Amino acid sequence: MNPAADIPDINEAGIATTLEQNARPDAKRVRDALARASEMKGLHMDDVAVLATISDPDQLGELFATASRVKDTIYGRRLVLFAPLYISNLCGNECLYCAFRARNKEVVRRALTQEEIAREVQILEQQGHKRILMVAGEAYPDRGFQYVLDSIRTIYATRTDKGEIRRVNVNVAPLTLDEFRLLKEERIGTYQVFQETYHRQTYASVHLSGRKADFNWRVSAMGRALQCGINDVGIGVLFGLFDWRFEILAMLQHIRHLEKHFGFGPHTISVPRLEPATGSDIATHPPFAVSDVDFRKIVAILRLAVPYTGIIMSTRETARMRRETFALGVSQISAGSRTNPGGYAETSSEADSSQFSLGDHRDLDEVIRDVAGMGYIPSFCTGCYRLGRTGADFMDLAKPGDIKSHCDPNAVSTFTEYLLDFASPETRSIGTALVDKVIGEMQGVARERARKLVDQVRQGRRDVYC
Ligand code: SAM
Ligand code: SF4
């Protein structure tokens with residue numbers, strides 16, 4: 001079988017039945033589902049459906065506490081940081097929720113030149129970022145798809161005094177096999193594409209034209225990426241378009257499909273909620289708006305359903321919501337983001353060309369100070385993919401929990417780099433105390449590695465990792 005041609009079977013009728021059959025679980029059924037979740041082996045569809053029904057405050061507390069324990073056991077106190085880099089808002093698709101949609105005249109169109117991209121990267125590097133998520137609409141300027149490849153090269157090639165980008169993740173529309181092969185050669189980190197909604201009828205009603213209107217082309221993208229050796233892939237749902245309960249079960253079917261065909265699932269899951277966007281009614285009035293409490297439930301349930309998959313929380317959410325979801329399962333966050341091409345260099349032009357509005361406007365230093373103040377270790381680690389720990393290799397290490405003896409030392413050493421090279425005095429003082437405390441609490445090999453790496457960084461070495 002050619003896996004690329006294989007379209008994941010999102011069984012809508014099956015999902016409806018699962019939701020219906022588990023719609024009114026008794027207290028024991030909920031307890032049993034939470035007990036299975038505690039084993040950190042993932043969850044079946046039935047258990048996910050059961051957890052999705054929880055509304056009783058005590059059960060909700062139990063759900064959040066279980067997710068918190070699982071998160072802590074697997075990820076410890078690390079939070080990986082990145083910045084999105086919008087290179088272009090040209091787009092041929094008509095996605096009703098997005099300001100970049102082709103027919104929206106209210107947005108100023110722009111594809112950055114390579115020089116402009118380098119300028120944006122310099123600014124991000126000077127803030128201390130090491131990981132970029134490159135984002136574009138689905139229409140490329142003169143050089144076509146080569147524009148995407150050129151832009152990745154520009155990002156990696158752009159260096160400043162103390163700054164460099166060590167991992168470029170990419171969020172661009174689904175590619176052909178040939179294009180995925182070319183993308184792979186550019187040493188990208190994760191390839192991301194969100195299905196937006198797994199519900200076909202809803203999908204058709206919000207994607208009116210352009211290539212993205214083809215549900216199958218999009219849902220089969222991860223299979224093509226994996227077939228071409230891009231081992232780290234990121235999936236997501238745009239919450240607010242359809243019932244979130246359906247979406248998380250459908251996403252689970254997508255994940256199980258990838259696991260069955262490739263031996264491992266996605267590296268990350270993103271959980272964007274619809275935010276207001278210029279020229280979009282649906283973005284301002286989501287048809288299935290997700291409440292804050294349901295949103296926290298989504299994060300907690302995903303943490304339990306796929307314990308070893310990273311969960312990404314963007315600056316679409318407010319600082320408060322972001323804080324609340326760290327404990328529930330989030331492992332990566334963006335910070336200091338702009339969603340308009342050129343937005344880092346030209347801060348005043350944001351209103352006319354951004355994709356959607358943001359909930360968290362704080363700069364990187366402020367986010368880091370806040371996160372560190374809560375006891376989380378901001379990490380800029382890029383060790384895994386540079387040492388080839390991707391796809392199945394990553395999952396093999398992650399599942400027994402070994403990954404912690406790499407991630408924790410790499411987190412404290414890259415955080416120490418940030419503190420020495422970029423942090424404000426206040427952040428440096430909070431961060432340095434945290435690093436010393438965290439190393440003091442580490443055990444065995446992780447502690448030895450962490451001590452060694454942090455000492456090297458404090459003596460002036462950079463980019464050391466294990
Ligand atoms: N154009 C490509 C695509 O659609 O796959 C890649 C990037 S698109 C700019 C990134 C993501 O932004 C989309 O997949 C969608 O989930 C999200 N997005 C679009 N409009 C949004 C809105 N109004 N609020 C929140 N997220 C939105
Ligand atoms: Fe274009 Fe992506 Fe926005 Fe759709 S979500 S209009 S494909 S940029």
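The values are calculated or read from the model by the stated rules, or taken from the named source; none is laboratory data. This structure is a prediction, so every number in the text was calculated from the model and none was measured. Ideal geometry is used to build each Cβ from the backbone, glycine not excepted, and the neighbour counts take in all protein chains shown. Note: areas computed on protein heavy atoms with side chains; ligands, DNA, RNA excluded. Shrake-Rupley method; radii C 1.70, N 1.55, O 1.52, S 1.80 Å.
Between rounded, prolate and oblate, where does segment 32-73 land on the alpha carbon gyration tensor, with a ≥ b ≥ c its root eigenvalues, rounded for a/c under 1.5, else prolate if a/b exceeds b/c? Walk me through the intermediate numbers first.
On the way: a/c = 2.30, a/b = 1.10, b/c = 2.09.
Judged from the Cα gyration tensor, segment 32-73 comes out oblate (a/c at least 1.5, b/c at or above a/b).
What is the distance, in nm, between label points placed 7 Å from the Cα along the Cα-to-Cβ direction at Gln443 and at Ala118?
The answer from the label model is 5.0 nm.
Tell me, in nm to one decimal, what length is gained between Thr160 and Glu186 on full extension, where the rule is 0.36 nm per residue of separation less the Cα-Cα distance?
7.3 nm
What accessible surface, in Å², does a 1.4 Å probe find on Thr382, ignoring ligands, DNA and RNA and rounding to the nearest 10?
10 Å²
Given a cut-off of 31 Å, name the pairs among Lys162/Lys437; Lys260/Lys404; Lys260/Lys437; Lys184/Lys260 whose C-alpha atoms lie farther apart than that in the structure shown.
Working: Lys162/Lys437 26 Å; Lys260/Lys404 26 Å; Lys260/Lys437 42 Å; Lys184/Lys260 22 Å.
Violating the 31 Å limit, Cα to Cα: Lys260/Lys437.
Extending each Cα 7 Å along its Cβ direction at Ala433 and Asp9, get the distance between those two points in nm, one decimal.
Going from the Ala433 label point to the Asp9 one covers 5.8 nm.
So what does Cys95 come to for accessible area, using a 1.4 Å probe and Å² rounded to 10?
Here the residue's solvent-accessible area equals roughly 10 Å².
Just the accessible area for Asp281, please: 1.4 Å probe, Å², rounded to the nearest 10?
Approximately 130 Å² for this residue.
Just check segment 73-361 against the gyration tensor rule for me: Cα atoms, a ≥ b ≥ c as the square roots of the eigenvalues, rounded for a/c under 1.5, and otherwise prolate or oblate depending on whether a/b exceeds b/c.
Cα axes put segment 73-361 in the rounded bin.
For the chain, calculate the relative contact order in percent as a whole number, restricting contacts to Cα pairs under 8 Å that are 6 or more residues apart. Please report the intermediate quantities before stating the final value.
Numbers: 877 pairs, mean separation 92.1, N = 466.
Across the chain, relative contact order equals 20 percent.
Which value at 222 nm does the chain reach when only helices count, each DSSP H run of 4 or more adding -39,500 (n - 2.57), with the total divided by all residues and rounded to the nearest 500 deg cm²/dmol?
Details: 21 runs with 224 residues, N = 466.
Result for the chain: -14500 deg cm²/dmol, rounded to the nearest 500.
Would you be so kind as to identify all helices of the chain, as entire DSSP H runs, whose Cα atoms reach 15 Å or more along the helix's own axis and whose mean Kyte-Doolittle hydropathy is at least 0.0? Walk me through the numbers on the way to the answer.
On the way: long enough: 27-38 (17 Å, -0.54); 57-75 (26 Å, -0.27); 114-127 (20 Å, -0.98); 146-157 (16 Å, 0.27); 244-262 (26 Å, -0.22); 292-305 (20 Å, 0.82); 404-421 (25 Å, -0.45); 425-441 (24 Å, -0.03); 444-458 (21 Å, -0.85).
Within the chain the helices that satisfy the rule are 146-157, 292-305.
Among DSSP bridges having both ends in segment 73-361, what percentage is antiparallel? Round to the nearest 5. Present the calculation step by step, with values, prior to reporting the outcome.
Numbers: 4 of 31 bridges.
Here the antiparallel bridges make up roughly 15 percent for segment 73-361.
May I ask you to order 52-58, 265-271 by the average number of other C-beta atoms within 10 Å around their residues, highest value first? Write down the numbers at each step before the final one.
Details: 52-58: 14.4, 265-271: 24.1.
Going by the mean number of other Cβ atoms within 10 Å, highest first, we get 265-271, 52-58.
Could you put Ile87, Ile430 in order of accessible surface area, largest first, with the 1.4 Å probe and the full protein assembly present?
Details: Ile87 0, Ile430 60 Å².
Result, largest first: Ile430, Ile87.
When a/c reaches 1.5 or more, the comparison of a/b and b/c decides; with that in mind, is segment 1-78 rounded, prolate or oblate per its Cα gyration tensor?
Working: a/c = 2.87, a/b = 1.29, b/c = 2.22.
Note, shape of segment 1-78 comes out oblate.
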